[in-house]
Amino acid sequence: MAALSRRTFLKQLGLGCTALVAGGNLPLPETPPRPRNILFILADDLGWGDVSCYGTTPNLTPFIDAYAQRGVTFTDAHSPASTCTPTRYAIFTGCYAWRRPGTGIAQGDAALLINPKLETLPKLMQRSGMVTGAVGKWHLGMGLGPGKTNWNQPISPSANDIGFDYTFLMAATADRTPCVYVEDGRVVNHDPNDPIEVNYQRNYPGEPDGVRDRASLKLDWHHGHNQAVVNGIGRIGYMKGGEKARWKDEDMADIFVDKACAFMEANREKPFFLYLGTNDIHVPRVPHPRFVGSTPFGPRGDATRQFDDSVRRVIEKLRELGLERDTLVVITSDNGPVVNDGYMDEAEEKLGNHRPAAHWRGTKYTPFEGGHRVPFIAVWEGQIPANRRSNALLSLVDLGHTFATLRGQTLSADAMPDSFDVHRALLDPEAASTRTALISQDWYMSYREGEWKYIVPRRAGNAPNEKTNPQNGALFHLTNDESEGTNLITRHPKKAKALHNALLRAIRAGRTRP
Ligand code: CA
């Protein structure tokens, strides 16, 4: 997958790789309106069908449903991967994660995965004169890596080294250690007399254990999630110490909202970029007591309602500060939904008729649409038309280039190699997207061009699994077969081969954007 020379790349373009570049002779770019602020809310594992204005289950997300009517609801937006870390890597670097080995789902003690020398979304925002903040889920590593990061000292390098002026983060996920918040590289409520240690190999003597102490857990595990016990819940990975610093899952959504609101308030007089990565609706789903029982779907539904309320509180703060007309708001999700993701939280038992991926096939972790077609709502009062839908093709890897353009920044030729400037489509529901092809990543990669979608064959040695990947790959015609039910790979082998070759060209070229 090594990047080829620019000459080779241009030669390949000359050979007909037109699907990967913006089509035709576009008119000269006009100067787009410039948002003073950008608020980017990224939910976790929130499915297309979990948002009521997309799905069929009413009243799960009452605030978002109403808020979406103030802007554009996109129906063909995609996460570049169907899991957390690679999607986030792509968002912040504008580069597909599969180009950078080691950017799969990260442990909580992983080193910072983004090279501080790279161009990044927050750096571009900083350069445009914004104050930049990151609050919530990180999952891109921090520090020097397993056994090398000292959680009792300032952690470096951190998210603050890739362009964020302010950070308040959980290192990885709520189901992984360390179960503490890290603010600007320092563990919040750290007690020097109770030092924190973290590892993913073995428990510390005397610490509770999710297997041995299973009977005492307040939320039992289904698979995995049986190592350290924090707040009565088993986690992936071990930790000791830091009793005063440990989070309480029930308060996490409120704490992230409070920090996001405080950031906006503190910077109300300056342009700001704020990334808010919620924990909801990732596991463990342990919403605040005020949401328990708020839906018929158990903790998964209640966490969805809590996410909706987090969005409400942040948007109401924006209104209170008088910044709604100055702020472009994007709300989306890092990948598709999953029902049972390792805890006995009644997600399956109470699912009823709710379909988290709506009519799309597949879930988080899979290459099907349910894995990567995500809700995506853009609102900018006075600039984006209200109450509209758009079927423009977008990928979250495009946000870097798009936000940069909107803030008057130009990318250097080698920066953000997969990030298309889709600002026209973002602002105008009638505009076509500059993106015409789409690569999504999971255990298997898929390549979409227009109405056709190709999924690579399973790897040699992997057990065939028709649920996650057909043995010989798959080809679907998405317009005729939205639910990816009819594999056309034997009927249209030339089309499959053409898409396979286009994917190979995209890999070898080291870039896909014009
Ligand atoms: Ca996720």
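The values are calculated or read from the model by the stated rules, or taken from the named source; none is laboratory data. Keep in mind that what you see is a predicted model, and the values were worked out from it rather than measured. Positions of Cβ are backbone-derived with ideal geometry, glycine not excepted, and every protein chain shown enters the neighbour counts.
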For this session: Within segment 446-474, count every residue that is at pLDDT below 90 and either assigned to a loop (DSSP other than H, G, I, E, B) or within 25 Å of Val422 (Cβ to Cβ) (or both).
Result: 15
Problem set entry | Residue tally, condition under 20 Å from Gly371 (Cβ atoms) and surrounded by fewer than 23 Cβ atoms within 10 Å (Cβ to Cβ), over segment 333-350 | 4
Exercise. Quick one: is Ala498 of a type in the set (A, V, I, L, M) and modelled with pLDDT under 95?
Worked result: no
Exercise. Just checking, which of Ala97, Ala68 is within 30 Å of Gly450 (Cβ to Cβ) and touching a Cys at 6+ places or on another chain (Cβ under 6 Å)?
Worked result: Ala68
For this session: For segment 28-37, state whether one or more residues are buried (at least 22 other Cβ atoms within 10 Å of the Cβ), at pLDDT 95 or above and within 16 Å of the ligand (Cβ to nearest atom).
Result: no
For this session: Tell me which of these Gly362 doesn't satisfy, since it passes every other one: (1) in contact with a helix residue (DSSP H, G or I) (Cβ under 9 Å, 6 or more places away or on another chain); (2) more than 17 Å from His78 (Cβ to Cβ); (3) in a loop (DSSP other than H, G, I, E, B); (4) touching a residue at least 60 places away in the same chain (Cβ under 8 Å).
Result: (2)
For this session: Taking Ile377 as meeting all but one of (1) within 21 Å of the chain's Cα centre (by Cα); (2) within 16 Å of the ligand (Cβ to nearest atom); (3) closer than 21 Å to Ser52 by Cα, write down the number of the exception.
Result: (2)
Exercise. Given Ile377, Ile384, which one is closer than 16 Å to Val422 by Cβ, touching a residue at least 40 places away in the same chain (Cβ under 8 Å), touching a helix residue (DSSP H, G or I) at 6+ places or on another chain (Cβ under 8 Å) and in a loop (DSSP other than H, G, I, E, B)?
Worked result: Ile384
Seminar exercise, completed: How many residues of segment 129-174 are of a type in the set (D, E, K, R) and either outside the structural domain of Asp191 (by TED's automatic domain parsing) or within 16 Å of the ligand (Cβ to nearest atom) (or both)? The answer is 1
Exercise. Regarding Ala415, is this residue of a type outside the set (Val, Ile, Thr) and more than 18 Å from the chain's Cα centre (by Cα)?
Worked result: yes
For this session: Using the structure shown, decide if Asp50 is within 15 Å of the ligand (Cβ to nearest atom), within 10 Å of the chain's Cα centre (by Cα) and crowded, with 21+ Cβ neighbours inside 10 Å.
Result: no
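Table: residues versus (1) surrounded by 24 or more Cβ atoms within 10 Å (Cβ to Cβ); (2) within 21 Å of Gln409 (Cα to Cα); (3) of a type outside the set (A, V, I, L, M).
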| residue | (1), (2), (3) |
| --- | --- |
| Asp109 | yes, no, yes |
| Leu112 | no, no, no |
| Gly129 | no, yes, yes |
| Met142 | yes, no, no |
| Gly147 | no, no, yes |
Seminar exercise, completed: Flagged pairs (Cβ under 7 angstrom, 6 or more apart or on separate chains; first in segment 318-346, on the phi > 0 side of the Ramachandran plot; second assigned to a helix (DSSP H, G or I) and more than 16 Å from the ligand (Cβ to nearest atom)) are Glu346/Gly298; Glu346/Pro299
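Which one of these is touching a helix residue (DSSP H, G or I) at 6+ places or on another chain (Cβ under 9 Å) and surrounded by 21 or more Cβ atoms within 10 Å (Cβ to Cβ): Gly277, Gly293?
Only one candidate passes the filter, namely Gly277.
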